[in-house]
Amino acid sequence: MKPALLEVMRMNRICRMVLATCLGSFILVIFYFQSMLHPVMRRSPFGVDICCRKGSRSPLQELYSPTQRSLERVSLPWPELSNTAVLHQMRRDQVTDTCRANSAMSRKRRVLTPNDLKHLVVDEDHELIYCYVPKVACTNWKRLMMVLTGRGKYSDPMEIPANEAHVSANLKTLNQYSIPEINHRLKSYMKFLFVREPFERLVSAYRNKFTQKYNTSFHKRYGTKIIKRQRKNATQEALRRGDDVKFEEFVAYLIDPHTQREEPFNEHWQTVYSLCHPCHIHYDLVGKYETLEEDSNYVLQLAGVGSYLKFPSYAKSTRTTDEMTTEFFQNISSEHQTQLYEVYKLDFLMFNYSVPSYLKLE
């Protein structure tokens with residue numbers, strides 16, 4: 001059985017199908033504490049208040065109000081297409097319900113500043129907004145966005161070097177627009193993100209940034225700091241190089257109150273709700289790492305490019321797995337596991353990830 005269908009079955013609540021009215025997007029963006037309120041917009045799947053591009057339908061219309069012609073372009077048979085629509089409605093509802101149930105925690109700030117929008121990549125031509133989350137296939141999705149926004153400059157995403165995909169000048173982000181332009185795009189463009197099991201993502205970030213010898217910038221900026229704070233009797237060599245951080249030390253650094261007071265988490269281990277602000281911004285589609293290709297190609301289909309552009313498919317033997325994550329947590333005390341879970345609790349709840357069976361929570 002496909003992972004997406006398993007997820008539908010796993011959701012233990014009444015399905016509000018595609019006909020349910022979903023929470024519209026709104027955001028308060030401020031300069032110098034002068035706010036502009038964008039009213040809550042409710043979308044019905046069969047009556048979307050969206051201005052479409054001249055001569056074509058927007059991805060939002062394709063998502064919420066598909067035409068018979070649109071359905072004929074989709075390769076999935078109707079039952080599977082229906083399951084896909086239900087699945088994504090359920091994911092949207094899960095985020096909305098979690099935000100409401102945890103409003104005190106999830107919406108400590110009632111406003112967002114343009115600086116909070118630097119992870120939202122904009123594609124003007126296809127009316128898309130993608131919030132990238134490091135360690136959730138964001139390199140390949142940035143490559144795809146470069147193809148979509150390059151106007152013919154790129155055709156094959158895998159021909160774009162990984163380091164070029166991460167050059168900020170190659171993609172335009174939402175914080176580069178004026179406030180009226182920001183609010184217009186948040187209302188009219190299809191907004192999507194991809195998420196991953198929080199602790200699997202965390203272990204992936206640790207492995208990439210602290211066990212690879214080439215990441216000297218991370219070793220110097222974070223490794224030396226972590227070792228200084230968390231390692232007793234550290235050698236001068238370790239304090240100078242910062243290239244042998246243990247996972248237990250990394251966890252202790254993350255749950256240390258001093259860390260949060262000192263500076264925000266690095267984006268590679270920052271929570272998704274802090275990077276993409278899903279309690280302030282209504283995401284129309286939540287993709288998952290566990291169903292990456294299926295969800296990615298669904299986005300491309302909605303954007304009208306699915307016939308010639310696919311998500312890059314490749315097997316990566318070094319990928320962090322659930323089994324590997326379990327091993328990393330074996331040496332973490334139950335006290336630290338509990339504290340770490342509290343840090344990432346909203347991501348677990350918001351995106352319907354159950355508490356890992358290997359955790360020993362107090």
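Taking first residues from segment 117-135 that are within 20 Å of Trp269 (Cβ to Cβ) and partners that are buried (at least 22 other Cβ atoms within 10 Å of the Cβ) and among the basic types (Lys, Arg), the Cβ contacts under 6 Å between residues at least 6 apart in sequence or on separate chains come to Lys135/Arg201. The residue pairs whose first member lies in segment 266-295 and is under 24 Å from His184 (Cβ atoms), whose second member is charged (D, E, K, R) and assigned to a loop (DSSP other than H, G, I, E, B), and whose beta carbons are closer than 8 Å, counting only pairs six or more residues apart or on different chains, are Leu275/Glu267; Cys279/Arg107; His280/Arg107.
Of a type in the set (A, V, I, L, M), farther than 30 Å from Ala303 by Cβ and either assigned to a helix (DSSP H, G or I) or out of contact with any Cys (no Cβ under 7 Å at 6 or more places or on another chain) (or both), is that true of Ile227? In short, yes. For segment 230-264, residues that are among the β-branched types (Val, Ile, Thr), at pLDDT 95 or above and part of a helix (DSSP H, G or I) total 2.
Quick one: how many residues across segment 151-185 are within 22 Å of Leu117 (Cβ to Cβ) and of a type outside the set (A, V, I, L, M, F, W, C)?
14
Output the number of residues of segment 305-335 satisfying the condition of being open to solvent by less than 50 Å² (accessible area, probe 1.4 Å) and not in a helix (DSSP H, G or I). Residues flagged as open to solvent by less than 50 Å² (accessible area, probe 1.4 Å) and not in a helix (DSSP H, G or I) within segment 305-335 amount to 8. Condition check for Ser168 on (1) open to solvent by 80 Å² or more (accessible area, probe 1.4 Å); (2) farther than 30 Å from Asp284 by Cβ: one failure, at (2). Taking the criterion of being touching a Leu at 6+ places or on another chain (Cβ under 9 Å) and part of a helix (DSSP H, G or I), the residues of segment 284-296 that qualify are Thr291, Asp295, Ser296.
Would you point out which residue out of Lys191, Lys172, Lys213, Lys209 is modelled with pLDDT under 95 and basic (Lys, Arg)? Explain how you work it out, then say what you get.
Numbers: Lys191 fails: modelled with pLDDT under 95; Lys172 fails: modelled with pLDDT under 95; Lys209 fails: modelled with pLDDT under 95.
Unique residue meeting the criteria: Lys213.
Of all the residues in segment 146-173, those that are at positive phi and touching an Asp or Glu at 6+ places or on another chain (Cβ under 9 Å) number 1.
Yes/no per residue for (1) open to solvent by less than 20 Å² (accessible area, probe 1.4 Å); (2) on the phi > 0 side of the Ramachandran plot:
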| residue | (1), (2) |
| --- | --- |
| Leu117 | yes, no |
| Ala137 | no, yes |
| Leu144 | yes, no |
| Asn175 | no, no |
| Tyr189 | yes, no |
| Val195 | yes, no |
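Selection within segment 199-229: residues that are in contact (Cβ under 8 Å) with a residue 24 or more places away in the chain, touching a helix residue (DSSP H, G or I) at 6+ places or on another chain (Cβ under 7 Å) and open to solvent by less than 10 Å² (accessible area, probe 1.4 Å). The member of this set that is farthest from Tyr344 (Cα to Cα) is His219. Those helices (runs of 4 or more DSSP H) of segment 43-160 in which 2 or more residues are at pLDDT 80 or above occupy 59-64, 78-101, 138-149.
The values are calculated or read from the model by the stated rules, or taken from the named source; none is laboratory data. Everything numeric in this text was worked out from a predicted model, so none of it was measured. Ideal geometry is used to build each Cβ from the backbone, glycine not excepted, and the neighbour counts take in all protein chains shown. Accessible surface is based on the protein model in full, side chains and every heavy atom, while ligands, DNA and RNA are left aside. Shrake-Rupley method; radii C 1.70, N 1.55, O 1.52, S 1.80 Å.
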